[in-house]
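Take a look at the structure below.
The values are calculated or read from the model by the stated rules, or taken from the named source; none is laboratory data. The structure presented is a predicted model; accordingly, all values stated were derived computationally and were not measured. Here Cβ is always computed from backbone atoms with ideal geometry, including for glycine, and neighbour counts include all displayed protein chains. Heads up: the accessible areas ignore ligands, DNA and RNA and are worked out on the full protein's heavy atoms, side chains in. Shrake-Rupley method; radii C 1.70, N 1.55, O 1.52, S 1.80 Å.
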Amino acid sequence: VQLQASGGGLVQAGGSLRLSCVASRRTFSNNAVGWFRQAPGKERDIIAAINWNGGSTHYADSVKGRFTISRDNAKNTVYLQMNSLKPEDTALYYCAAGLRASYGFRRDDYRYWGQGTQVTVSS
């Protein structure tokens, strides 16, 4: 499975962006997907995850209430809607697909990774 993340950019604090993660294979619809982010000098951390059919989601405390993960399996696409962006959200954002229908919380739970899309939030 190849993943293509897009939708990043430069936005002012308080603004919104929607990231997309498109998969190359329809079997993607059987897999959980996570969004991670990595700021310079920091670890790559999971911020949101969704199970295979969108029925269960998880958010890191830092983004809860501001970000929404969703998926459209007919389009092999997972989205991350990001609202009320803050300068501390600035990072390289990655999507990743696991091998199971349910999501995990660790990097090792995900096998396939996109190339990352940069999000920069100015104050």
*Tell me which of these THR68 doesn't satisfy, since it passes every other one: (1) closer than 20 Å to ARG106 by Cβ; (2) at pLDDT 95 or above; (3) not aromatic (Phe, Trp, Tyr).*
(1)
*Cross-chain or 6+ apart pairs with Cβ under 7 Å, segment 63-86 first and within 14 Å of ASN31 (Cα to Cα), then β-branched (Val, Ile, Thr) and open to solvent by 50 Å² or more (accessible area, probe 1.4 Å)*: ASN76/VAL22; THR77/VAL22
*Could you list, in sequence order, the residues of segment 17-48 that are under 11 Å from the mean Cα position of the chain (by Cα) and among the basic types (Lys, Arg)?*
ARG18, ARG37
*If you check every pair at least six apart or on different chains, which have Cβ atoms under 8 Å apart with a residue in segment 24-46 that is under 16 Å from TYR110 (Cα atoms) and without any contact (Cβ under 8 Å) to a residue 24 or more places away in the chain first and a residue that is surrounded by 14 or more Cβ atoms within 10 Å (Cβ to Cβ) and of a type in the set (Lys, Arg) second?*
ASP45/ARG37
